[in-house]
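Have a look at the structure below before the remarks.
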Amino acid sequence: KCLLLMDNKNDCVPNRIPENDLKDILLHMLRKQAEAFTDISTVTKTKSANESELRNIQAELERNSRFLKGLYESLVTGDITKSEYREMKTAYETKLAALGDQEKLLRKKAQIQLLETAKQEKAADDIASLSCMKDLTADIADALIEKVLVFEDKHIEVHFKFTDEIVKAGGTGNG
């Protein structure tokens, strides 16, 4: 089959590359991406860091809530004046609101991370199946490859559909 190849000036030039050679190269590149993808451990590190930060914020919320409750007792016992009470109460309420916003943000990040992890696991399953594959089918190429650029000097650049997940998780980029 005849393919249009790209030269270094991004102009199309007629040239030929055998389809089987291209398939072999693409399958090899997909396998390399699969190896990089399965070696990723960053997802669990990020999850642990988010969980730790969430626990810290929850502890800070609890501590500030106790201080806020203790303020009223200090007012009743006469340890602080009404103006001191109002000033300190406002400060604690502001801090509690900010901590509550941080907690919501972290929970949202955790949900997004969960979805990203699921996408990464799906992509990992898809590309892990490549290790036993002998030929690259059109369906698999469509599912995993965004585009392929073949240059005049036969240099091939592949843009994978799952590369963003690999890069986010600390792996390699395009083949």
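The values are calculated or read from the model by the stated rules, or taken from the named source; none is laboratory data. This structure is a prediction, so every number in the text was calculated from the model and none was measured. Accessible surface is based on the protein model in full, side chains and every heavy atom, while ligands, DNA and RNA are left aside. Shrake-Rupley method; radii C 1.70, N 1.55, O 1.52, S 1.80 Å.
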Problem set entry | Fully extended contour minus Cα-Cα distance, from residue 141 to residue 76, at 0.36 nm per residue | 16.1 nm
For this session: Take the solvent-accessible surface of the protein heavy atoms, probe 1.4 Å, and return the percent of it on segment 58-153 that carbon and sulfur atoms account for.
Result: 55
